[in-house]
Every structure is written in C-alpha cells, then in structure tokens.
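*Asks:* Below is a structure I'd like to ask you about.
The values are calculated or read from the model by the stated rules, or taken from the named source; none is laboratory data. The structure presented is a predicted model; accordingly, all values stated were derived computationally and were not measured. Reconstructed Cβ throughout: ideal geometry from the backbone, glycine too, with neighbour counts over all protein chains shown.
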Amino acid sequence: MENRLIYDTLVTFLKDHPKLKIEISSHLDLGKKMTSNDDWSQLKADSTKAILVSKGINPEQIVAVGYGNKRQIVSEEEIEKIEIKSQWIARYQNTRIEIIIKEF
C-alpha cells in the first residue's frame, strides 16, 4: 500500500509538471564480492521507470540509473567492523531508490 501511494503521488507530481525531468537512482548493496550489484540495481531502476511510464508518464521525463553499491550510506569499512550477523542491516541501509529532480 505504501509503495502505491508513493508512486501515485509521484505520478500526480510529474503529470502536473510535464517539463520536469527526474533521475531514478537505484542503489543496491549485496556485499562487495557480489558482481551483480550494478546489474540488479539497473534492473530495479528500469522497473521503477516502467511502472511510472505505465501510469502515463512520458519516458523522456525519466532517466533510470543503477549505481549498485557505489554510493553507500554505510561504507564498506564501517560494515566490516560490525558483527557479521548485523552486517545485512547496514547493507539494507545502502539499498534504496532515490528520485532526483534534474530539470525543472
């Protein structure tokens, strides 16, 4: 329910501002040894864009970028200091989608 409300709010905002351009930034942290961080992150960004486009948003308004684990909130050095069973909590903080206004 929460995700639907977020999407609906964003769709309304983008429809009210058709010249607005946004970046969907997807961040994913499955661990430093996981080479699929970038691929999964891009897939998540592309999927989010597809949902917005399916709701009537012009695809030209949206750029989808998967950053993988390149822009961490909790650094790898900090994660390595944490007890092993708690490391996934830190990695969870690094996994997110951000909406950035690029042109208004």
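*Asks:* Can ILE84 be described as of a type in the set (Val, Ile, Thr) and modelled with pLDDT under 85? Break it down stepwise before answering.
*Replies:* Values: of a type in the set (Val, Ile, Thr): yes; modelled with pLDDT under 85: yes.
Yes.
*Asks:* Output the residues belonging to the stretch 3-20 that are assigned to a helix (DSSP H, G or I) and either farther than 18 Å from PRO59 by Cβ or not charged (D, E, K, R) (or both).
*Replies:* ASN3, ARG4, LEU5, ILE6, TYR7, ASP8, THR9, LEU10, VAL11, THR12, PHE13, LEU14
*Asks:* Restricting attention to the stretch 52-68, and to residues there that are modelled with pLDDT of 95 or more and within 13 Å of the chain's Cα centre (by Cα), which single residue is farthest from ASP16 (Cα to Cα)?
*Replies:* VAL65
*Asks:* With among the acidic types (Asp, Glu) and at pLDDT below 95 as the only criterion, which of ASP46, ASP16, ASP39 stands out?
*Replies:* Testing whether each residue is among the acidic types (Asp, Glu) and at pLDDT below 95 leaves just ASP39.
*Asks:* Something else now. Does GLU77 satisfy the condition of being surrounded by fewer than 12 Cβ atoms within 10 Å (Cβ to Cβ), modelled with pLDDT of 95 or more and not in a loop (DSSP other than H, G, I, E, B)?
*Replies:* no
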